[in-house]
Each structure stands twice: as C-alpha cells, then as structure tokens.
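Chemist: Below you'll find the structure I mean.
The values are calculated or read from the model by the stated rules, or taken from the named source; none is laboratory data. Keep in mind that what you see is a predicted model, and the values were worked out from it rather than measured. Cβ coordinates were reconstructed from backbone atoms using ideal geometry, including for glycine residues, and neighbour counts include every protein chain displayed. Heavy atoms of the whole protein, side chains included, go into the accessibility calculation; ligands, DNA and RNA do not. Shrake-Rupley method; radii C 1.70, N 1.55, O 1.52, S 1.80 Å.
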Amino acid sequence: MSDPVEVSPEKLSDLEATLLNTSGNVPLHNRFRSLFTLKALKNEEAVNIISKGFADESALLKHELAYCLGQIKKPSALPILEQVLTDEKEDPMVRHEAAEALGAISSTSAIPVLKKYVTDPERCVRETCEIALAKIEWDNSEEGKRHREEEKRAQMQMYTSIDPAPPTSGLLSGKPAPEVASEASINELKAKLLDNSLPLFERYRAMFALRNIGTPSAVDALAAGFTDDSALFKHEIAFVFGQLLSTHSVPALLKVLHDSHESDMVRHEAAEALGGIATPEVLPHLKEWMQRGDSPRVVRESCQ
C-alpha cells in the first residue's frame, strides 16, 4: 500500500468545497475527481471530508463515498459507515457499499452490526453483510495471514483495490502461472462462480480468480454470471470488468446497460465499466442512456 500523500490546508479546503458542492454548480464528474484525490491521501482529514458527503441526495455519489472509505481502510471511518448501514431509509445500494467497506476495513469491531443486518429485508444489504463477515473471518484466519505474506513476498499485486473476497486459493492478486490459467482451471472456476449452492464468499473468490487470469475465456466465464438472480453478484461482475478493461467484455456490458428490467445497481456498474473501457462504439450508448427520459438517475449519472 502506498504512503499517504501530503497536501496543503488550502488544497484540502478546495477538495472539500468541490466534493460537497458548496457552490451548488459543481458538475458530478468534478466531484468524483475530488473524491478520488481524497481517497489517494489516505489520511484522517480525507476520512473526515468524505464522511460529510453522506448528506448529499445522490445515491451514486454516496455509494462511491462508502467505497472510498473502505479503500482508505482507516478505523476512524467505522462509525459513519455503521451509521449509513443502519439507516434503513437510505438507498440500499449505499447501505450495501457501507457494509462492503466495513469488510474492507476488516475490523472485528464491525462484526456485531454486520450480524444484525445479515437478515435485512434488502437482499443486496444482507448478502453484502454475509460476504463482509466471511471476509473479516478469513482475514483473521491462518490462511488469510499466509495469503498476505505470500503477496508481499511475490510482489505480484496487479490490482490495488481491497476486494470483498480474496481469489480462490493458489491464485495471488497478480498474474497467475500459465498452468493456473489453463482452460480446465477456468472451467473449474466458472463452475464455482455459477454454483448457487456455494456461499457467496466462495463464489466471489472464484470471480476474483477469474479476474486475475483476465483472458478472453476468463471474461466469458465471468459474463456467464450475468444470468444470476442476485443483483449484488451481477454488479460485482460489472465492477470486475471495469477493473479488467477488456474490450472482450463490451458486448456483455452493453447488454446489461440496455436491459431496462435489470437492477439499477447492476446497470450503473456496467455503465461505469464501459466508461473505463472507452472504446469508440461505447460512447453513443452512454450518451443515449444519459439523455433518455426513462433512464434511472443512478444510471444516468453513471453514464455522465
């Protein structure tokens, strides 16, 4: 993990004013840029400023605030994240991201609140609490400690994000050995990914293992997960495609974006992934759903 970045008080004040839109006319994409600059600071000032943003009305922004607090991994963010999770009037997508952030920080002090909401009426919230609890348990297990040590020694971390689950055993966060990426291995991981009888945490582990392989066959295996009935699961696949930036995933992502029957949280994540891939054929589709009157706000803002 990189060291915190130092900035002047004046710069911090500017970042806060932009993120919180104190002028009332800051475009959303500029607010996001300030948010990710604050995320890179990884300090208490950043946590404090980001935490103030939950008063905003944009679910998309608030969900991203929660994500960034999890990635900063400061225990000082635990109270605000717990407050967001326990606010049953808050958008489920925001509450889910708060629960995931609690898992990313991985403090055992978050276990009671996660256990309380593992039976939440909102499926994406309870499923995220289930995964976060499993991650905290795994992080504190001997396997989890060995995994972190192996990653440090191998220096193979391709993705800097703190993931909701580690890749399936034997796959580090970096480029796998050629034999690991065999078609047989991909098919085995795909079977685990699609197996509804397995705990979500184990299916997520297969998902991130396929991400780390990253070949067209692995992308196809991940895309098969869009047939699942869990919006949380499908939104994570779209997020993974946004990390991979593989043009091979564009057709599957476009299909999700255009499916008006699909969950908003899945479509928004597909839009963000398409924006990251940014091939020429993507732009007309993003413009279409940004301008359509029947486009849900979170989808419209993601396209923007």
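Chemist: Mean residue ellipticity at 222 nm from the helices of the chain, using -39,500 (n - 2.57) per DSSP H segment of n ≥ 4 over the full residue count, to the nearest 500 deg cm²/dmol? Provide the component values of the computation, followed by the final result.
Modeler: Details: 17 runs with 195 residues, N = 304.
Here the helix-only value at 222 nm equals -19500 deg cm²/dmol.
Chemist: Can you tell me how segment 1-140 classifies by the Cα gyration tensor, rounded, prolate or oblate, using a/c under 1.5 as the rounded cut?
Modeler: Values: a/c = 2.61, a/b = 1.49, b/c = 1.76.
Oblate, because a/c is 1.5 or more while a/b does not exceed b/c.
Chemist: Return the sequence-ordered ³J(HN,Hα) values of segment 262-279 in whole Hz as given by the Karplus equation 6.51 cos²θ - 1.76 cosθ + 1.60 applied to θ = phi - 60°, using x for Gly and Pro.
Modeler: Values per residue, Gly and Pro as x: 6, 4, 4, 5, 6, 5, 5, 5, 5, 4, 5, 5, 4, x, x, 6, 6, 7 Hz.
Chemist: Go from 0 up to the bin containing the longest alpha carbon distance in segment 44-95, width 10 Å each, and give me the % of pairs per bin.
Modeler: Bin by bin from 0 Å, the calculated values are 27, 62, 11.
Chemist: Rounded to two decimals, what ratio of Rg to Rh does the chain give with C-alpha atoms and a Kirkwood Rh? Present the calculation step by step, with values, prior to reporting the outcome.
Modeler: Details: Rg = 18.7 Å, Rh = 19.8 Å.
Dividing the radius of gyration by the Kirkwood radius yields 0.95.
Chemist: For the pair Thr86 and Thr108, how long in nm is the line joining their label points, each one 7 Å along Cα→Cβ?
Modeler: It is 2.1 nm.
Chemist: Along the Cα→Cβ direction, 7 angstrom out, place labels at His261 and Glu45. What is the inter-label distance in nm?
Modeler: 5.2 nm
Chemist: Rounded to whole Å and ordered largest first, report the semi-axes of the equivalent ellipsoid of segment 246-286 derived from its Cα gyration tensor (root of 5λ).
Modeler: On the way: eigenvalues 52, 17, 16 Å².
Whole-Å semi-axes of the equivalent ellipsoid: 16, 9, 9.
Chemist: Continuing with the same structure: Expected output is a single nm value to one decimal: the length gained when fully extending between Arg292 and Glu202, i.e. 0.36 nm times separation in residues minus the C-alpha distance. What is it?
Modeler: 28.6 nm
Chemist: Wrap a convex hull around the Cα atoms of segment 163-304, take a quarter of its surface area, and give that in square nanometres.
Modeler: Projected area, direction-averaged: 8.0 nm².
Chemist: Determine the gain in length on full extension of the stretch Glu57-Ser23; use 0.36 nm per residue of separation and subtract their C-alpha separation, reporting nm with one decimal. Display every interim value, and only then the final one.
Modeler: Numbers: separation 34, 0.36 × 34 = 12.24 nm, distance 1.55 nm.
Extra length from Glu57 to Ser23 when fully extended: 10.7 nm.
Chemist: On to the next question. If you take the beta carbon distance between Asp228 and Thr279 as r and set R0 to 25 Å, what does 1/(1 + (r/R0)^6) give as a FRET efficiency, to the nearest 0.05?
Modeler: Working: r = 26 Å, r/R0 = 1.03.
With R0 = 25 Å, the Cβ-Cβ based efficiency is 0.45.
Chemist: So how do Lys152, Lys62 rank on accessible area, 1.4 Å probe, biggest first, that is with the largest at the start?
Modeler: On the way: Lys152 135, Lys62 20 Å².
Sorted by accessible area, descending: Lys152, Lys62.
Chemist: To continue, here is another question. Let me cross-check Met93: its accessible surface, 1.4 Å probe, with only protein heavy atoms counted, in Å² to the nearest 10?
Modeler: 10 Å²
Chemist: Given a cut-off of 29 Å, name the pairs among Lys11/Lys73; Lys234/Lys287; Lys52/Lys190; Lys190/Lys255 whose C-alpha atoms lie farther apart than that in the structure shown. Intermediate results must be reported in sequence, preceding the final value.
Modeler: Working: Lys11/Lys73 22 Å; Lys234/Lys287 23 Å; Lys52/Lys190 41 Å; Lys190/Lys255 20 Å.
Lys52/Lys190, as the Cα separations exceed 29 Å there.
Chemist: Follow-up question, since we're still on this one. For segment 180-304, calculate the relative contact order in percent as a whole number, restricting contacts to Cα pairs under 8 Å that are 6 or more residues apart. Can you show the working numbers first?
Modeler: Working: 154 pairs, mean separation 22.6, N = 125.
Contact order relative to length: 18 percent.
Chemist: With r as the distance between the Cβ atoms of Glu142 and Ser13 and R0 = 35 Å, compute the FRET efficiency 1/(1 + (r/R0)^6) and round to 0.05.
Modeler: Working: r = 46 Å, r/R0 = 1.30.
With R0 = 35 Å, the Cβ-Cβ based efficiency is 0.15.
Chemist: Between the alpha-carbon centers of segment 21-96 and segment 229-279, tell me the distance in whole angstrom.
Modeler: If you average the Cα positions of each part, the centres end up 22 Å apart.
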